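Colleague: I am attaching a structure below and will ask some questions about it afterwards.
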Amino acid sequence: MFEKPELKFLEFRIYAFFDALHNFVLDSSTTCTTCGHVSTNQGKTEGILSIELRPRISEGDLSDYLDKYMSYSVTDYKCEKCKDTAEKQRTRQISTKIRKISGGEAQ
Ligand SMILES: [Zn+2]
């Protein structure tokens with residue numbers, strides 16, 4: 001017979017940290033370089049980030065790939081205000097119950 005393991009509960013702050021890591025919302029904003037209009041796309045609750053590791057960043061570590069994931073340029077976007085189709089900058093925002101992390105800088 002095995003002894004029944006003792007149940008231990010996580011401290012709330014540790015639980016909140018794990019909860020925030022696995023239940024976050026991924027929004028994105030695209031800024032028009034011509035008129036400055038910002039279009040925001042409300043994301044849904046995600047549990048995982050799929051970060052592209054290609055193309056390779058020479059001597060790059062995870063934070064370099066994460067920076068690229070959080071802020072990148074798009075060429076297939078037409079501004080809904082001025083209809084300009086030039087290359088735009090898109091940033092992603094990760095929201096959790098704890099705080100908001102945006103395009104490389106904490107808010
Ligand atoms: Zn525009």
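The values are calculated or read from the model by the stated rules, or taken from the named source; none is laboratory data. Here the structure is a predicted model, which means the values were calculated and not measured. Every residue, glycine among them, receives a Cβ derived from its backbone with ideal geometry; neighbour counts consider all protein chains shown.
Colleague: Could you please give the count of residues in region 1-20 that are of a type in the set (A, V, I, L, M, F, W, C), closer than 28 Å to Thr45 by Cα and without any contact (Cβ under 8 Å) to a residue 24 or more places away in the chain? Can you show your working first?
Modeller: Looking only at region 1-20, we keep the residues that are of a type in the set (A, V, I, L, M, F, W, C), and these are 1-2, 7, 9-10, 12, 14, 16-18, 20.
Within this subset, residues satisfying the condition of being closer than 28 Å to Thr45 by Cα are 9-10, 12, 14, 16-18, 20.
With without any contact (Cβ under 8 Å) to a residue 24 or more places away in the chain added as a condition, the list becomes 9-10, 12, 14, 18.
Count: 5.
Colleague: Let me ask another. Going residue by residue through region 22-38, is there one that turns out to be without any contact (Cβ under 8 Å) to a residue 40 or more places away in the chain and away from the ligand (no atom under 16 Å from the Cβ)?
Modeller: yes
Colleague: Can you name every residue in region 1-30 that is among the β-branched types (Val, Ile, Thr) and assigned to a helix (DSSP H, G or I)?
Modeller: Within region 1-30, Ile14 is the sole residue that qualifies.
Colleague: Taking Leu49, is it part of a loop (DSSP other than H, G, I, E, B), at pLDDT 80 or above, surrounded by 10 or more Cβ atoms within 10 Å (Cβ to Cβ) and away from the ligand (no atom under 16 Å from the Cβ)?
Modeller: Judged against the criteria, Leu49 is a match.
Colleague: Quick one: Lys81 ticks every box in (1) exposed (fewer than 11 other Cβ atoms within 10 Å of the Cβ); (2) within 13 Å of the ligand (Cβ to nearest atom) bar one, so which box is it?
Modeller: (1)
Colleague: Another question, then. Given the residues Thr40, Thr33, which is the only one that is within 22 Å of Ser95 (Cα to Cα), outside any helix (DSSP H, G or I) and in contact with a strand residue (DSSP E or B) (Cβ under 8 Å, 6 or more places away or on another chain)? Before you say what the answer is, go through the steps one by one.
Modeller: Numbers: Thr33 fails: within 22 Å of Ser95 (Cα to Cα).
The unique qualifying residue is Thr40.
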